[in-house]
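The values are calculated or read from the model by the stated rules, or taken from the named source; none is laboratory data. If you're wondering where the values come from, they're calculated on a predicted model, not measured in any experiment. Reconstructed Cβ throughout: ideal geometry from the backbone, glycine too, with neighbour counts over all protein chains shown.
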Amino acid sequence: IGLAFDYSSRRIFYSDIQRGSINGVHFNGSGHSVLVQKQGSVEGLAYEPVQNELYWTSHRDASVGRVSLSDPGATPEKIVKLGPEDKPRGIVVSSCIKRVFWTNWNAQHPSIQRSFLSGFDPESIVTTQIRMPNGIAIDHQLQKLYWSDARLDKIERCDFDGGDR
């Protein structure tokens, strides 16, 4: 389900839900590799080019994970562990402000959430008038987040702190 790109190395990263893996392949189809295994249901992927890291959301264990792509032996880590009712989905990163943002379609408390790239200080920035936030995109120039809501059938936007919605 998840898909991310590294334009400088011309690679695509994608998740394989059946195998619970995150894989990489060059744009031309060569160089396929399994980057991360046993991550459960990886729903969203985001590439962070400054540190050369890959971030993902895992629906099954309600977490946000990351791995360094600079070190082939790097161990994947869960940087944010969410609650048992949480269902993280889409994910984006901002290298400029060193933040990761994700959608959470928790049935009782859906939200847009963020933390620092390290996972420090996770918080919900949008919690009202939201039902099932799905995909999320980032506009670095305008410093806006955009997301789709599958239940409300609309696309919304806000500032990086959840304001100006």
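Return yes when SER68 is under 23 Å from ASN134 (Cα atoms) and among the hydroxyl-bearing types (Ser, Thr, Tyr) and no when it is not. Spelling it out, it is not the case that SER68 is under 23 Å from ASN134 (Cα atoms) and among the hydroxyl-bearing types (Ser, Thr, Tyr).
Only one entry in ILE79, ILE17, ILE91, ILE12 is touching a Lys or Arg at 6+ places or on another chain (Cβ under 8 Å), aliphatic (A, V, I, L, M) and surrounded by 15 or more Cβ atoms within 10 Å (Cβ to Cβ), namely ILE79. Identify all residues within segment 121-142 that are touching a strand residue (DSSP E or B) at 6+ places or on another chain (Cβ under 6 Å) and among the polar types (S, T, N, Q); write none if there are none. Hits for segment 121-142 are SER124, THR127, ASN134.
Condition check for VAL42 on (1) under 13 Å from the mean Cα position of the chain (by Cα); (2) at pLDDT 95 or above; (3) among the β-branched types (Val, Ile, Thr); (4) over 22 Å from SER8 (Cα atoms): one failure, at (2).
Can you find a residue that is surrounded by 16 or more Cβ atoms within 10 Å (Cβ to Cβ), closer than 20 Å to GLU43 by Cα, among the small types (Gly, Ala, Ser) and out of contact with any Gly (no Cβ under 9 Å at 6 or more places or on another chain) anywhere in segment 126-138? So far as segment 126-138 goes, no, none of its residues is surrounded by 16 or more Cβ atoms within 10 Å (Cβ to Cβ), closer than 20 Å to GLU43 by Cα, among the small types (Gly, Ala, Ser) and out of contact with any Gly (no Cβ under 9 Å at 6 or more places or on another chain).
Residue check: is ILE22 in a strand (DSSP E or B) and over 16 Å from PRO76 (Cβ atoms)? So ILE22 does not fit the description; no. Restricting segment 95-125 to residues that are among the polar types (S, T, N, Q) and farther than 16 Å from TRP56 by Cβ, the residue that is surrounded by the most Cβ atoms within 10 Å (Cβ to Cβ) is SER111.
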